[in-house]
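Okay, so here's the structure we're looking at.
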Amino acid sequence: MEFILDSSDTDFYNDLFTTLKDIGPKIETVENWWMNDDLLLHVSSDKGDFLFSKDVWHFAFIEADNNQSCIKLIDEILNNSSWFTKEEVDFEKYRNVNT
């Protein structure tokens, strides 16, 4: 999942974790990648672990390589929330041109 943030999204973290409260998200560790000003949160939940990252370009992602059922549930929860809107993504923008 991808989120695009701007300077008006100061309550994004609170809104996200409040929306996900039914799966009991808990931030286990926080990594600040100072070279890129990226933030990586390792999150545990009742439905398994996932990562939340935010980068210097104001993009935020939720990832779980080995826990796709949790990602699908998060997607469903966010789709049913009035605080979030799902938009289709052009996956071609994310292809590695060197592969």
Hits in the range 19-40 (condition: surrounded by 12 or more Cβ atoms within 10 Å (Cβ to Cβ) and either at pLDDT below 90 or farther than 23 Å from SER69 by Cα (or both)): GLU31, TRP33, ASP38, LEU39, LEU40
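For every residue, the table says whether it meets (1) at pLDDT below 90; (2) open to solvent by less than 100 Å² (accessible area, probe 1.4 Å); (3) hydrophobic (A, V, I, L, M, F, W, C); (4) in contact with a Gly (Cβ under 8 Å, 6 or more places away or on another chain).
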site	(1), (2), (3), (4)
HIS58	yes, yes, no, no
GLU63	no, yes, no, no
ILE71	no, yes, yes, no
LYS93	yes, no, no, no
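The values are calculated or read from the model by the stated rules, or taken from the named source; none is laboratory data. These numbers were taken from a predicted model, which means no experiment stands behind them. Note that we place each Cβ from the backbone using ideal geometry, even for glycine, and neighbour counts take in every protein chain shown. Protein only, heavy atoms only, side chains kept; ligands, DNA and RNA dropped before computing areas. Shrake-Rupley method; radii C 1.70, N 1.55, O 1.52, S 1.80 Å.
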